[in-house]
Amino acid sequence: MPAPYSYDLRAKAVSAYHRGEKKIAICRLMKISRNTLDLWLQREQKTGDFKAIANSPSRKNRKIQDLARFEQFVKQHQDKTQQQMADLWGENLTQQNVSDGIKKLGITRKKKLTDIKKEMKRKEENFKRNSRKNPQKI
């Protein structure tokens, strides 16, 4: 999401409008759209100020309130999937809530060892195949 215009720019544009300058001239000078200026003026009429609205939702109502207790729980049940952890935790927790909590704690997911072995084997086969084609380059 793009950052909102600075309060300073907003103040300059709105004050120029109140001084009697034309909207189109203000918009060209400040390099903003006419709609943007109209929205700032509307917001000023309704609320008395034209500052940006904070779009980030409040994170006070997280399902996992006690992160220290959750971290101990994750360490204790590290062999379980996130869905199994959600079922064990209770409190109407979902797999996504567990995933968010684990991410907040900075714990990374397990990598599948079999995938790593397959990738290493494939690279080794490619190396052997290439070394047979071009033996002088090695």
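The values are calculated or read from the model by the stated rules, or taken from the named source; none is laboratory data. Everything numeric here is computed off the predicted structure, so don't read it as measured data. Glycine also receives a Cβ, built like all others from the backbone with ideal geometry; neighbour counts cover every protein chain displayed.
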Working carefully through the options 34, 10, 19, 28, find the one that is surrounded by 13 or more Cβ atoms within 10 Å (Cβ to Cβ), more than 30 Å from residue 107 (Cβ to Cβ) and of a type outside the set (A, V, I, L, M, F, W, C).
10
Taking residue 115, is it in a helix (DSSP H, G or I), at pLDDT 90 or above and either within 30 Å of residue 17 (Cα to Cα) or not hydroxyl-bearing (Ser, Thr, Tyr) (or both)?
no
If you take just the helices (runs of 4 or more DSSP H) that sit entirely in the stretch 1-103, which of them hold at least 2 residues that are at pLDDT below 90?
67-76, 82-89
